[in-house]
1. So if a site counts as exposed when it's one of the trypsin sites (Lys or Arg not before Pro), its DSSP state isn't H, G, I, E or B, and it has at most 14 other Cβ atoms within 10 Å, what's the longest stretch of chain C without one?
2. Just the number, please: percent antiparallel of the DSSP beta bridges in chain C, rounded to the nearest 5.
3. I'd like the trypsin sites (Lys or Arg not before Pro) in region A:205-280 restricted to DSSP loop residues with at most 16 other Cβ atoms within 10 Å, sorted by number.
4. What is the Cα coordinate range of region A:86-282 on the first, second and third principal axes, sorted by size from largest, in whole angstrom?
5. With every protein chain kept in the model, how would you rank B:D148, C:D26 by accessible area, 1.4 Å probe, largest at the top?
6. Pick out, from A:L212, C:Q162, A:P271, the residue whose Cα sits farthest towards the positive end of the charge dipole of the protein assembly as shown, with +1 on the Cβ of Lys and Arg and -1 on the Cβ of Asp and Glu.
7. Which value in nm describes the separation of the simple spin-label points at A:L310 and A:L252, placed 7 Å from the Cα toward the beta carbon?
8. What is the spin-label model distance, in nm, from A:V134 to A:R122 if the labels are put 7 Å beyond Cα along the C-beta direction?
Amino acid sequence: MLAFTLRRVLQAIGVMIVVGALSFTMFRFAGDPISQIVSQDASSAERAEIRKSLGLDDPVLVQFGRYFINAARFDFGMSYRFREPVAKLLLERMPATLELATCATVLAMTLGILLGVYTALRRNSFLATLLSAVSLIGISLPTFLIGILLIYLFAVVLGWLPSYGRGDTVRLGWWTTGLLTTSGLKSLIMPSITLGLFQMTLIMRLVRAEMLEVLRTDYIRFARARGLTTRAIHFGHALKNTLVPVITVAGLQFGSVIAFAIITETVFQWPGMGLLFVQAVQNVDIPIMAAYLLVVSLIFVTINLIVDILYTLVDPRLHAGAARRT
Amino acid sequence: MTEMLAPDGLDPATPRAGWAARALDSDVFYAFRRSPLAIGAAIVTLAFFAVAIFAPLLAVQNPFDPAQLELLNSRIPPLWSADGQAPFLLGSDEQGRDVLSAILYGLRISLLVGVLGVGLAAAIGIVLGLVAGYFGGVIDTVIMRIADVQLTFPAILIALMIDGVVKSALSNRLDERTMLAVLVLSIGLSFWVQYARTVRGSVMVERTKDYVAAAQLIGLPSWTIMRRHVLPNAMGPVLVIATINLALAILTEATLSFLGSGMPETMPSLGTLIRIGNNYLFSGEWWVIAFPGLALATLILAINLLGDWLRDALNPKLR
Amino acid sequence: MTEPVLSVRDLRVEFDSRRGTLRAIDGVSFEIARGEVLGVVGESGAGKSVTGAAVIGLIDPPGRIAGGEIKLSGRRIDDLPPEELRRIRGKRIGVIFQDPLTSLNPLYRIGDQLTETIRTHLPLSPSAARQRAIDLLAEVGIPAPEKRIDAYPHEFSGGMRQRVVIALAICAEPELIIADEPTTALDVSVQAQIIALIKRLGRDHGTAVMLVTHDMGVIAETCDRVAVMYSGRIAEIGPVRDVVQEPLHPYAKGLMGAIPTLAGDAPRLAQIPGAMPRLSAIPPGCAFHPRCDYAFGRCRIERPEPLQHGTQQVACHLFDAHSTEHAA
């Protein structure tokens with residue numbers, strides 16, 4: 001178990017180094033830091049001066065090392081456009097994204113599992129067929145169209161919910177939350193649905209497929225032959241075996257939820273990291289892009305690591321396998 | 001009691017070996033004829049391709065040509081509403097662009113980027129998959145590690161990154177055609193992993209077979225063996241992935257364009273049209289966004305249905 | 001004569017398919033008495049396992065019981081509502097499946113699977129159920145049961161897992177055990193142990209056992225009576241010694257000819273030419289006639305009904321006095 005965990009941690013560090021190198025390459029070579037900082041008519045002497053002060057004449061590896069150490073200290077340089085530290089910009093917007101992503105994931109998991117189990121157990125019912133059809137449409141509809149549709153319906157036509165922004169927020173230390181105000185909660189509804197819908201249909205289809213697979217297994221047949229109640233078989237044996245892979249996927253999905261938040265945040269002008277990133281791409285604000293890549297990768301890799309380790313804890317077979325390897 | 005359900009004709013599972021060739025011969029087309037949904041999806045998909053190809057003949061104007069746009073004709077609602085005006089069947093936008101013509105031309109861009117993007121992704125993936133599977137060892141490890149790392153990130157994020165980097169490298173000197181190429185590149189580099197994995201898997205299986213050993217023995221070069229003997233066996237799954245990915249690629253292009261990182265407004269794709277239309281959502285010109293949105297959703301749904309069906313028909317296990 | 005534990009009369013099982021209705025079991029009748037082991041033997045697809053599944057009411061759709069009746073200790077069970085049938089399964093009928101590797105839920109400790117089954121059928125407290133589970137594991141020959149009870153299935157070998165499966169089957173003292181090829185998936189060295197265990201449990205508890213297998217050796221060793229199935233029907237049924245030593249039905253003859261003997265007096269193993277017909281293409285008359293050396297006109301037209309012949313029952317026109325006259 002320990003060896004397995006250790007190996008996974010090392011792997012994660014390896015991935016982060018690769019991503020760090022990519023991020024550094026972008027930061028250093030994609031945009032010319034000098035031309036972004038100095039004015040157009042700066043003399044070449046001035047430029048050289050700045051080059052030196054920024055350490056751009058040092059060997060690349062030294063620069064990479066410096067970049068890495070700085071990144072570890074959460075120092076990503078200055079944004080070209082905002083003229084502010086990137087770290088500060090990201091940190092300001094992180095709570096908005098995390099709150100949105102968490103809400104969407106909780107929504108997607110709850111509904112996805114419920115509907116998935118339902119459609120698997122009542123496979124031939126009208127509602128199950130309808131849900132399966134709707135889920136395919138849900139996967140086909142682009143996220144931004146769903147968002148726009150919701151805005152049109154609930155903000156423009158009905159006027160029930162705010163069409164953009166995060167509503168009023170409350171400050172808790174450095175964290176700003178929208179969960180404590182009515183307008184904050186109201187603002188959260190449509191973005192969460194928009195962001196969660198795709199994941200929900202994904203989880204629903206996955207749960208359905210897994211559950212049908214599990215229901216065909218010998219141990220479920222044997223559980224029937226042992227005379228266990230349908231309830232115990234469906235919601236004990238079958239569900240537990242279904243949820244192990246589903247939770248893994250859903251856990252891994254949390255990472256992509258944060259990435260997909262880019263789209264939702266743009267549609268709803270949600271002041272999160274994703275919106276910041278999209279604006280950075282449009283403005284070619286390389287430091288923000290590089291930093292976003294690093295931060296989001298860190299979140300991904302951490303989640304993957306946790307999910308992997310949790311998975312071995314949940315599944316006794318892997319648990320034992322990992323223990324034997326020790 | 002595994003044999004309990006043995007009665008003949010109840011078990012639709014097909015044997016795996018060489019299924020692709022045989023399935024394409026008969027079973028798939030038989031199943032296709034029997035599935036109204038698949039036929040419908042195929043017809044809709046083909047129709048989209050047809051109107052995209054013949055757009056210049058069908059459209060009343062060329063929306064990419066600023067000379068053809070009259071500001072006088074701006075914001076005309078669809079023909080059937082009270083203020084409708086011929087020839088603007090689906091109305092026009094702020095710049096006097098006919099919505100239907102814009103959709104037809106936008107469809108061209110969307111499909112072009114989608115098809116080229118998928119083609120590029122498949123090409124990269126197939127080559128890397130062949131190389132990884134055939135040579136194994138360090139090459140294999142390196143390629144598959146990269147694939148693993150990339151797979152942790154959603155394609156849209158990778159595409160956005162590539163887009164941003166290329167833009168900054170070209171310092172915003174971007175005309176429409178370069179932008180189109182950038183989009184194809186972003187999509188190609190975002191979607192290659194699945195092909196590589198599938199092809200590598202097939203190669204690993206085929207590599208151990210006797211006929212490959214025999215081919216090596218008579219001195220055929222590796223590349224010929226791979227192309228002529230190993231690759232055909234992997235084409236079935238690749239086709240399925242390509243179909244499913246076409247929908248994803250079109251969606252990615254639309255999303256990038258919607259986010260403002262894709263096609264510019266001077267040469268709009270469906271995504272760009274939706275981005276433009278989004279600005280008029282509050283002012284009541286719903287048709288500027290509704291019709292492009294509907295077209296995009298229908299197109300993706302049709303291809304998805306087709307891909308879903310194809311996947312089930314070719315191999316239920318590909319899930 | 002006391003009531004048999006299991007009595008099956010004219011059982012028919014059908015599967016609805018695109019190509020019409022397929023009859024997997026067609027008029028099967030047999031009985032099993034208390035403490036008796038009935039072997040059911042036949043090729044794959046002969047309907048052995050479907051018969052077992054029909055008895056416990058677990059035929060998967062699109063299959064269904066189309067006719068006949070099944071009685072457990074004199075009470076009809078095939079027409080019971082699903083919930084009552086469920087209460088019988090695991091309590092009054094224990095089932096052992098073929099593959100112990102897949103019969104147990106990998107995510108549950110075996111103790112949990114045992115106590116769960118025990119408490120479903122018996123009004124016991126959790127601690128009493130756990131004690132019973134330990135006793136059962138000891139009875140099926142698992143060493144150190146009080147420790148192994150908290151192990152997961154994958155921590156057991158195949159043979160040990162089959163013992164756990166057997167413990168699960170007998171945990172509520174069933175009147176009948178249906179063992180569906182209980183040794184097929186196991187190592188040869190383990191097979192004998194498992195068969196011996198099933199036999200001992202049947203004897204000790206007076207349980208009736210229906211042992212489905214295609215291994216004639218197992219039948220000869222274990223069973224009191226044997227039913228030979230072919231194409232969804234019983235070709236011959238009778239005391240195991242009689243059927244093995246003097247099979248009547250030509251198919252049974254062929255089957256017995258396929259048992260290797262130590263004496264080695266047969267120059268080579270006999271083989272039955274051809275293969276059993278598919279369910280969709282069962283020939284009219286006797287299903288075996290295309291492969292039968294003794295087939296005559298009537299076999300191609302009329303289906304033979306079971307006839308008593310000595311201690312055996314045989315479904316073959318050769319043993320119908322009326323027809324042999326004609327044939328002669």
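1. Longest gap between qualifying sites, sites excluded: C:20-267.
2. Of all bridge pairs located within chain C, approximately 60 percent are antiparallel.
3. Here the trypsin sites (Lys or Arg not before Pro) that fit, given the DSSP loop and packing criteria, are A:R216.
4. Projected onto the principal axes, the Cα atoms of region A:86-282 cover 61, 37, 32 Å.
5. The ranking, largest first, comes out as B:D148, C:D26.
6. Toward the positive end, the furthest listed residue is C:Q162.
7. Label-label distance for A:L310 and A:L252, simple model: 1.4 nm.
8. 1.2
The values are calculated or read from the model by the stated rules, or taken from the named source; none is laboratory data. Model, not experiment: these values are computed from the prediction. So basically every Cβ, Gly included, is an ideal-geometry build from the backbone, and we count neighbours across all protein chains shown. Protein only, heavy atoms only, side chains kept; ligands, DNA and RNA dropped before computing areas. Shrake-Rupley method; radii C 1.70, N 1.55, O 1.52, S 1.80 Å.
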